[in-house]
Amino acid sequence: MRKGAALFVFLCVLPLFLCETGVEKLGNQSTMDGQNKETVLGGFYQGEQVAEEMPIAKDEEQGPGPTEAALATTPLEDTFSYILSRLADMDSAIHRLNVFQYNLDVKLSQLSDKVIRMDAKVGKIQDETESISRVNKENHREIGRLEGCLKGHRVVRKCFLISRSYETYAGAVERCRERGGRIAMPKDKRELAALAKHTREFFHPGNWPLWIGVSDRRSEGLYLFEDGIRVTFFQWHEQLLSSQPDGGKRENCVTLTSDDGDWWDTDCERRTYFACEFDG
């Protein structure tokens, strides 16, 4: 019975003891926190007091420095100064660019004047060259005419001259023209006989054909001299098996053979000797 009563008392007293102990600990913790706060706050207040008690340093001790007004306006002034500096640089660059453009315009103008003067000189040189070329051609033709009559064979009012260069019919016409004459065109029996004799003597003892200015290139069978006059007489070569002309449309130009003076129709693209005539 006593044991049971003692146990009951113990169970009732234990919670009270634990509760009192917790309360005491919490009180101690509160006391410590309060002391810490007082220490921190005391230090803070003490710092304020120290700061208030410290004298403000004089300007001489702090050294030179900007005033509050200067400090307030310095960023704006710096920005404004930077903008002005950049504008000044841009203005200087634009001025240099204008100077460069002016110098370039002057040089272009000078170059244009030189080109114009050069064009004028080139035009003048071209005119002089053409004039010299015309005079040269006239002299060449005159020399050819004189040579044709001096070296060739004279017949009344014209002279025949044989060339040893090989040419097509068209080439022979052009060469005679360049020399101041025409391809040989014997207009009558007398001229034909004189040309045949000169050719025979020139090529003796050989037998060679040479171009004369007769063809039916415009119309087959219609033979014309190179100056367009119709041929009224012929000296075609004749033989038993074949007589001239026999080439049809393949052979439209006429050559004269040196041995007998007969005519043969020949391919106009064949290259052979030719005879020119000049005014005597």
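What follows is calculated from the coordinates using simple rules that are stated; it is not laboratory data. Computed from a predicted model, the values in this text were never measured in an experiment. Ideal geometry is used to build each Cβ from the backbone, glycine not excepted, and the neighbour counts take in all protein chains shown.
Quick notes
- Full-extension gain in nm, R134 to H204, via 0.36 nm per residue minus C-alpha separation: 21.4 nm
- Amide H contacts under 5 Å for N252, placed H, 5+ residues apart: T266, C268
- Charge tally around R270: other residues with Cβ under 12 Å, Lys/Arg +1 each, Asp/Glu -1 each, net -3.
- Neighbour counts of C-beta atoms inside 10 Å place L161, L146 in the sequence L146, L161, starting with the fewest.
- Contour minus Cα-Cα distance for A170 and Y102 (0.36 nm per residue): 18.3 nm
- Unsatisfied cross-links (Cα-Cα over 32 Å) in the set K121/K151; K137/K158; K189/K249; K107/K137: K121/K151; K107/K137
- For the pair D246 and D260 in one chain, pulling the backbone fully straight at 0.36 nm per residue adds 3.2 nm over the alpha carbon distance.
- Average Cα contact separation per residue, segment 152-279, under 8 Å, 6 or more apart, as relative contact order %: 39 percent
- Summarising the amide proton neighbourhood of G280: residues at separation of 5 or more, or on other chains, whose placed amide H is nearer than 5 Å comprise K158, C159.
- FRET efficiency for the F234 to I143 pair, using the beta carbon distance and R₀ = 30 Å, is estimated at 0.30.
- Taken over the alpha carbons of segment 152-279 as equal point scatterers, the Debye sum produces base-10 log I(q)/I(0) values at 0.11, 0.14, 0.16, 0.18 Å⁻¹ of -0.32, -0.54, -0.72, -0.93.
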